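Just so you know, all these numbers are worked out from the coordinates, no wet-lab data involved. Treat the numbers as computed from the prediction; the structure is a model and nothing was measured. Cβ coordinates were reconstructed from backbone atoms using ideal geometry, including for glycine residues, and neighbour counts include every protein chain displayed.
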Amino acid sequence: MNTFLLLVVLAVWLIRRALRPAKPVQKSSSLEQQDLVSCARCGVHLPRGEARAAGGQLYCGDEHARLGAGPG
Ligand SMILES: [Zn+2]
């Protein structure tokens, strides 16, 4: 009977493995951590929650928001 039990355990394990997604989903609630944006001025990446919005663009800080995108 041991072989039968082993097969059952193996089958259950295989089914559970098949049903489970490949990647473990842990941080589904905090979208801010995943949502990275780049500064329109210097291109640095930062969370959307920390970015400054100005003129339809996103910046890494008040200074770059004031300077705006592009050179100069
Ligand atoms: Zn910047």
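Would you mind putting 8-18, 60-70 in packing order, based on average other-beta-carbon counts within 10 Å, highest first? If you can, show how the numbers build up before the last one.
Numbers: 8-18: 9.5, 60-70: 14.6.
Those peptides, ordered most packed to least, come out 60-70, 8-18.
For G61, list long-range residues whose amide hydrogen, built 1.01 Å from N in the peptide plane, is under 5 Å from its own amide hydrogen.
When sequence neighbours closer than 5 places are left aside, the close amide H contacts are R52.
If you take every residue apart from V9 with its C-beta less than 13 Å away from the C-beta of V9, what net charge results, scoring Lys and Arg +1 and Asp and Glu -1?
With Lys, Arg at +1 and Asp, Glu at -1, the neighbours total +2.
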